[in-house]
Amino acid sequence: MTSNLTPVAVVHSAIAAYRALDARHRVALNKHADEDGDVPEYALPAYDEDRFTYALEADEQLDAVMAELTGAFGLPTDQPVTVLGQWHRTFEVTPGRLDDAAREAFTRGQCHALALALNEVTGWPTTALLTSDCYGIDSLCADDESDDECPCRIGHVVVTRPDGAHVDINGAHVPGTVPDCEDAPALAMTEAHWQVIQSTPTWRDADMPLARTFVAPLLAALTDARQPIDA
């Protein structure tokens, strides 16, 4: 998410929006208090229910504000930020720094974000590398577990370069040689597959602000390698 406002305007807008939200919540919660400002025991259930509702609303606003701030200022490049991975793991990754931490994060939970970011810049199509197992957890799953269209068989997402190479955070690879996905069947990603990935909890939300910081250094590394494709 990017903002059309200047960075200072984004901060001022966030402050004003928070103050308005906080004032509205305080006024609404005060109705549960007595003349001394205390919440009597009989009013606690309704008070707690309102507080829970307002906390969810505040969380949503915080998410929106952080997206606006990230769009206005970008991510820090001198310190790591936390990114979600698979199996409830988190990684500390320094934006734009192609190191072991980045490679692990973008192969253990955020490969789809990097594929989308690369597609945005290069136009190279996104490609799914399939696992052999289907768990039947999606509406697109077929009765036949060998069905190549099954979204829950997607184990890794890459982009396919015009020369046929599969590109991920580790570089360019001959099809069938992507690390940890050797000989995996490849399937062109469709809009339906992306909708599944973006809506199912088995896939993490794509961390696009972080992924975009790796596009330029990764493409530069591919150029510096002076090899069109892994041998």
Can you report the number of residues in the range 104-133 which are farther than 17 Å from residue 203 by Cα and either without any contact (Cβ under 8 Å) to a residue 60 or more places away in the chain or buried (at least 18 other Cβ atoms within 10 Å of the Cβ) (or both)? 5
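Which of the following residues is over 30 Å from residue 107 (Cβ atoms), loosely packed, with under 10 Cβ neighbours inside 10 Å and out of contact with any His (no Cβ under 8 Å at 6 or more places or on another chain): 27, 65?
From the options 27, 65, the qualifying one is 27.
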Failed condition for residue 173, given (1) without any contact (Cβ under 8 Å) to a residue 40 or more places away in the chain; (2) in contact with a His (Cβ under 6 Å, 6 or more places away or on another chain), with all others met? (1)
Would you confirm whether any residue within the range 173-194 is closer than 24 Å to residue 75 by Cα and either of a type in the set (Asp, Glu) or surrounded by 17 or more Cβ atoms within 10 Å (Cβ to Cβ) (or both)? no
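Table: residues versus (1) of a type in the set (Ser, Thr, Tyr); (2) in the same structural domain as residue 215 (by TED's automatic domain parsing); (3) modelled with pLDDT of 95 or more.
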| position | (1), (2), (3) |
| --- | --- |
| 28 | no, no, yes |
| 36 | no, no, no |
| 47 | yes, no, yes |
| 55 | no, no, yes |
| 68 | no, no, no |
| 92 | no, yes, yes |
From the residues in the range 84-103 that are out of contact with any Ser or Thr (no Cβ under 7 Å at 6 or more places or on another chain), of a type in the set (A, V, I, L, M) and not in a helix (DSSP H, G or I), which one is surrounded by the fewest Cβ atoms within 10 Å (Cβ to Cβ)? 98
Just one listed residue, out of 46, 14, is assigned to a helix (DSSP H, G or I) and either touching a residue at least 60 places away in the same chain (Cβ under 8 Å) or exposed (fewer than 14 other Cβ atoms within 10 Å of the Cβ) (or both), and it is 46
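The values are calculated or read from the model by the stated rules, or taken from the named source; none is laboratory data. What you see is a predicted model; the values in this text were computed from it and never measured. Heads up, the Cβs are rebuilt from the backbone with ideal geometry, glycines too, and the neighbour counts pull from every protein chain shown.
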